[in-house]
Amino acid sequence: MANLKPDEIKVILATDCGSTTTKAILIEFKDGEYRLTTRGEAPTTVESPIEDVTKGVLNAVTELSELSGRKLLDENERIITPANGNVGTDIYISTSSAGGGLQMMVAGVVRKMTAESAERAALGAGAIVMDVIASNDKRLPHQQIERIRHLRPDMILLAGGIDGGAMTHVVELAELIAAADPRPRLGSSYLLPVIYAGNNAAQEAITATLGKKVDLKITPNLRPVLERENLLPAREEIHNLFLEHVMAQAPGYKKLMDWTDAPIMPTPGAVGNIIKTIADINDIEAVGVDIGGATTDIFSVFRPDGKEGVFNRTVSANLGMSYSISNVFAESSMKNVLRWMAFKMDERDLRNRVKNKMIRPTTIPQSMEELIFEQAIAREALRLAFVQHKNFATQLKGVQQQRTIADAFKQEGSGKTLVNMMTLNMLIGSGGVLSHAPRRNQAASMIIDSFQPEGITRLAVDSIFMMPQLGVLAEVHPKAATEVFDKDCLVHLGTCVALVGEIKKSGMDVMNYSLNLPDGTKVSGTLKHGDMKLIKLGLDENDQPLTARATLEPIRGLDVGAGPGNKMETALPGGVVGIILDGRGRPLIISEDEETRVSDLRRWIDELEIYPEGAVTHSYALAEDVAAG
Amino acid sequence: MALAYAPGLTVTEEHLVRKRRILPLKGDVVVKVGQKVSPDDVVARTDLPGPIESLNVANRMGLPPEDLEGAMLKKVGEQISEGDIVAETRTLWIFKTTCTAPVSGTIESISSVTGQMLIRGAPQPVEVKAYLNGVVTDVFENEGVEVTTWGGFLQGIFGVGGETHGELKLAVSSRDDNLTEECITPDMRGKIIVGGALVTAEGINAARRQGVAGIVTGGLDDHDLRDLLGYDLGVAITGSEDIGITLVITEGFGEIHMAERSFELLKSLEGKRACINGATQIRAGVIRPEVVIPSDGDVYAVSEKTDYVQGGMDVGSALRVIRHPYFGRIGKVVSLPSALTELDSGSHARVVEIQFDDDNLKAVVPRANVELIES
């Protein structure tokens, strides 16, 4: 990028080096706006026999070149910069999760306080947290030492104590780390980086304990006082060390770092970046999910005080759709997966199918029956990952609350979850099972069933999983990143309107609705408990959602966002699916009675047009045949 | 364009197998390049640092940590035995307070900040064995060696249990036969036995009772795997299970016949020593379980012939389907349409048209759902 000003940047090349595929996108400034013009991909090449990540990058860029007609590489296989006519790019940027991404261990004094803040800092930087060691984690010192020695992380983040407070415990943790003599995962020629972001009064003692055994970096305390976190300095140090050590050790990355015009970011860090940017620019609360083969990442921005957004990220390390598919079963149970299926399947056969997917993770569902089964598993993976996220994305724990008389009747301590589904504005899904679902209605249904949005929530999916590239682009060119995010990355599915509150009688009327669509049509009716209703309202000529004016009148005790029983007049954006009215109540309870459950599922499938007509009945018949031998 | 299909697992009667046998920490290599080794020969050894025991001496003595140094009778680096007095204070020359060592070991550190003393126990010796019958072809100073052998080689799809070895013995007569309790006989003790299709839970348990070293077979029921391990396997990272037997599954979960080529290879090598490892890791850096049957070939003479190039999929290529609804069926490529094709699931994918060998039925299958069978 050398000397280009942002408005001089007209062509952007971005790659994401994933653990299996390297994805390249080309963004060009055309007709006064930045748009995605081409994408290409190639297998990632960090493992033998090639062991050079740049080969995969060159292959992906070559495909991009062929598809776009823009020459991007010179005779020496170097990326041509800056752009000139139909040759070259103005900037090149990249993210990476190849080679296992960034793997960290964190340590803090109190598990629910400083250790959790340290965990938040590491996750926010895009790391996989392998373990959290805390003085009160109930493990004996020798067990903690064994664990530290065994794990071999890329780096350790150590925190503990408020500035100027007691330092005994944090120094004790440092002593354990020193005794473990930990070694880095990659390479043996350098000392393991350890970031100390704890009590500033203990810095000298920490240096004396660890200084000679590890590559010690000291940053300001990430929890200088109990009431406040200061995660940024630690996150920045993590990024620096990621580039200096982890990336530099991975095959070919030194070369790749030399090619890029901005530091390479860990993929999840970049996704978090774009979600945070979008939430801040639009002043909304947003949740993003990326469900992969091995892990499920959830990102959220909530505004508990109505102003500043609080960002959180969680990684559910063993919830995914291929490598970890079997673990979804183990954690959720067969019963919970099967409750999403409107036909019976033989349990023994299902167990074998799940394991076969685990050992051959690149296979895809060929039949409708297999697709329905995978989407049932996805609902459970997403649900479990979101439970973990809600438990982690909390107000700071250990903070003394000032209570009024009114608060005395609320049994709330510190550490309440920040996740408020009623105030959430947007849910964004990405990852193969959501982005590549054959029908967008399937993605919408999976998101609603697993996240259970409340009130009015917009739904979207990432069309081709370009959020990582846009995340790093947001660092160097926010305008281009947000324009492409709005126009090419997001596929607007529509809006979910869900009622919250206790519903006493099945089948009772729960809400009257009336919608004025942009073409002058009026849609009105009464939603019954347990029903779903799809009102089709698509996109305009610029692929932006059309909007309906809606009047929503829930019955007494039920809330759609304006308070229990209160009428609401609002604008409801559509999308490729439309507006979905969900009268099933929250929390969503699936009937234990087999006949009712199957009948409910089939009614929802038909109303939301989730699967083609007759597909479920056909799969049911097939399953019956199998069961009958 | 990425390979849109699984390249298939290696099954060959002639393969050069190179194994790195590396210590977890630096230590001593005890063999030389060119030396012949057997599976149980030790090739390298080291001492792992002993376990750490912590003791807050200051707390025990009721002292502020900064005063601990004056009370310590032992210093960092000193050997101590369980019960030794490590610190002592006297009050008014009469009242004595002492602190004794809870374990034997060496004092690793004494902290005047925390008052904690760390004691390191005796080192734990670790040995790395050769695993294969072969020749040491490389030595990595203080780290380990490379052992190379030439012989039959078969990769499984999934396994449990670690490295073991034994004489190869067929327990069934056909690749279609299930390996049941009735197939297990007393003469199989210490051997690697070969099944055909499914191995039943009763079959595995009978083999364990008889002291069979390992089982190589086509399929396994996940239900039985759960019973065998005692838990539901969530992620396919295996090899360290302590179940008294090593299992190598060649095809997958369920009742699936072992591929003809695999079964015939194992049959032809019956009576020879097989070295097997159930370790599986299905993540980036895939590790598949394996069966190695070393022969007496000269590894230096054959090493040039082993650069094996994987061919692509073409009309006539032999394939196996690796997912429902045609899971396990074998056939040949009839055509490879280049355009994306809509599947029954509604997804669009690149497909291959196959004609199955057994009934000549033709079917269209996603390329992601087939693997090549090398001829």
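The values are calculated or read from the model by the stated rules, or taken from the named source; none is laboratory data. What you see is a predicted model; the values in this text were computed from it and never measured. Quick reminder, even Gly has a Cβ in these numbers, built from the backbone with ideal geometry, and neighbours come from all protein chains shown. These area figures cover heavy atoms from the full protein model, side chains too; ligands, DNA and RNA do not enter into them. Shrake-Rupley method; radii C 1.70, N 1.55, O 1.52, S 1.80 Å.
A compact table of results
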quantity	calculated
Options A:Glu374, A:Glu370, A:Glu380, A:Glu308: the member that is of a type in the set (Asp, Glu), out of contact with any Gly (no Cβ under 7 Å at 6 or more places or on another chain) and more than 14 Å from chain B (Cβ to nearest Cβ)	A:Glu308
Those residues of region B:252-279 which are part of a strand (DSSP E or B) and either open to solvent by 10 Å² or more (accessible area, probe 1.4 Å) or within 14 Å of another protein chain (Cβ to nearest Cβ) (or both), in sequence order	B:Gly252, B:Phe253, B:Arg273, B:Asn277
Given (1) assigned by TED's automatic domain parsing to the domain that holds A:Arg439; (2) surrounded by fewer than 20 Cβ atoms within 10 Å (Cβ to Cβ); (3) of a type outside the set (Asp, Glu); (4) under 25 Å from the mean Cα position of the chain (by Cα), number of the condition A:Leu588 does not satisfy	(1)
Matching residues in region B:280-303 - criterion: being at pLDDT below 70 and more than 10 Å from chain A (Cβ to nearest Cβ)	B:Gly297, B:Asp298, B:Val299, B:Tyr300, B:Ala301, B:Val302, B:Ser303
Entirely in region A:1-68, the strands (runs of 3 or more DSSP E) that have 1 or more residues that are open to solvent by 40 Å² or more (accessible area, probe 1.4 Å)	A:21-30, A:33-43
A:Ala118 under 24 Å from A:Leu226 (Cβ atoms) and modelled with pLDDT of 90 or more	yes
Matching residues, region B:55-67, being open to solvent by less than 50 Å² (accessible area, probe 1.4 Å) and under 48 Å from the mean Cα position of the chain (by Cα)	B:Leu55, B:Asn56, B:Val57, B:Ala58, B:Pro65
Selection from region A:215-270 of residues that are within 26 Å of A:Pro82 (Cβ to Cβ) and either assigned to a loop (DSSP other than H, G, I, E, B) or aliphatic (A, V, I, L, M) (or both)	A:Leu243, A:Met247, A:Gly252, A:Leu256, A:Met257, A:Thr260, A:Asp261, A:Ala262, A:Pro263, A:Ile264, A:Met265, A:Ala270
Among the candidates A:Glu374, A:Glu370, residue that is assigned to a helix (DSSP H, G or I), open to solvent by less than 10 Å² (accessible area, probe 1.4 Å) and over 23 Å from A:Glu592 (Cβ atoms)	A:Glu370
Members of region B:325-375 that are in a loop (DSSP other than H, G, I, E, B), more than 14 Å from every other protein chain (Cβ to nearest Cβ) and on the phi < 0 side of the Ramachandran plot	B:Leu336, B:Pro337, B:Ser338, B:Ala339, B:Asp357, B:Asp358, B:Asp359, B:Leu361, B:Ile373, B:Glu374, B:Ser375
Residues located in region B:14-66, provided they are away from chain A (no Cβ under 14 Å), within 30 Å of A:Ser135 (Cα to Cα) and not in a loop (DSSP other than H, G, I, E, B)	B:Arg60, B:Met61
Residue list for region A:366-402, restricted to those being among the polar types (S, T, N, Q) and either under 15 Å from A:Glu119 (Cβ atoms) or modelled with pLDDT under 90 (or both)	A:Gln388, A:Asn391, A:Thr394, A:Gln395, A:Gln400, A:Gln401, A:Gln402
Enumeration of residues in region A:457-468 that are of a type in the set (Ser, Thr, Tyr) and open to solvent by less than 10 Å² (accessible area, probe 1.4 Å)	A:Thr457
Top-ranked residue of region A:102-113 - restricted to ones that are open to solvent by 10 Å² or more (accessible area, probe 1.4 Å) and touching a residue at least 60 places away in the same chain (Cβ under 8 Å), ranked as nearest to A:Lys390 (Cα to Cα)	A:Lys112
From A:Gly164, A:Gly160, residue being farther than 24 Å from A:Asp297 by Cβ, open to solvent by 50 Å² or more (accessible area, probe 1.4 Å) and at pLDDT 85 or above	A:Gly164
Boolean, A:Phe311 is among the hydrophobic types (A, V, I, L, M, F, W, C) and more than 23 Å from the chain's Cα centre (by Cα)	no
Top-ranked residue of region A:74-101 - restricted to ones that are away from chain B (no Cβ under 14 Å) and not in a loop (DSSP other than H, G, I, E, B), ranked as farthest from the chain's Cα centre (by Cα)	A:Asn84
Selected residue (criterion: farthest from the other protein chains (Cβ to nearest Cβ)) from residues of region A:320-350 that are within 27 Å of B:Glu342 (Cα to Cα) and outside any loop (DSSP other than H, G, I, E, B)	A:Leu338
Unique match (being part of a strand (DSSP E or B), within 30 Å of A:Val484 (Cβ to Cβ), touching a Gly at 6+ places or on another chain (Cβ under 9 Å) and at pLDDT 95 or above) among A:Leu552, A:Leu572	A:Leu572
For A:Asp137: the one exception among (1) under 30 Å from the mean Cα position of the chain (by Cα); (2) of a type in the set (D, E, K, R); (3) in a helix (DSSP H, G or I)	(3)
Conditions (1) closer than 30 Å to A:Met167 by Cβ; (2) within 14 Å of chain A (Cβ to nearest Cβ); (3) part of a strand (DSSP E or B): number failed by B:Glu88	(2)
Qualifying positions in region B:105-138 - over 34 Å from the mean Cα position of the chain (by Cα), free of Cβ contacts under 8 Å to residues at least 60 places away in the same chain and assigned to a strand (DSSP E or B)	B:Thr106, B:Ile107, B:Glu108, B:Ser109, B:Ile110
Residues (within 12 Å of chain A (Cβ to nearest Cβ) and in contact (Cβ under 8 Å) with a residue 60 or more places away in the chain) located in region B:221-232	B:Leu225, B:Leu229
A:Phe311 in a strand (DSSP E or B) and open to solvent by 10 Å² or more (accessible area, probe 1.4 Å)	yes
Criterion (touching a helix residue (DSSP H, G or I) at 6+ places or on another chain (Cβ under 8 Å) and at pLDDT 95 or above) met by exactly one of B:Asp227, B:Asp221	B:Asp221
Region B:233-251 - residue that is surrounded by fewer than 19 Cβ atoms within 10 Å (Cβ to Cβ) and not β-branched (Val, Ile, Thr) and, of those, nearest to the other protein chains (Cβ to nearest Cβ)	B:Gly234
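Yes/no per residue for (1) open to solvent by 10 Å² or more (accessible area, probe 1.4 Å); (2) touching a residue at least 12 places away in the same chain (Cβ under 8 Å); (3) under 26 Å from A:His389 (Cβ atoms):
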residue: A:Ser430; (1), (2), (3): no, yes, yes
residue: A:Gln442; (1), (2), (3): no, yes, yes
residue: A:Gly455; (1), (2), (3): no, yes, yes
residue: A:Glu475; (1), (2), (3): yes, yes, yes
residue: A:Met508; (1), (2), (3): yes, yes, no
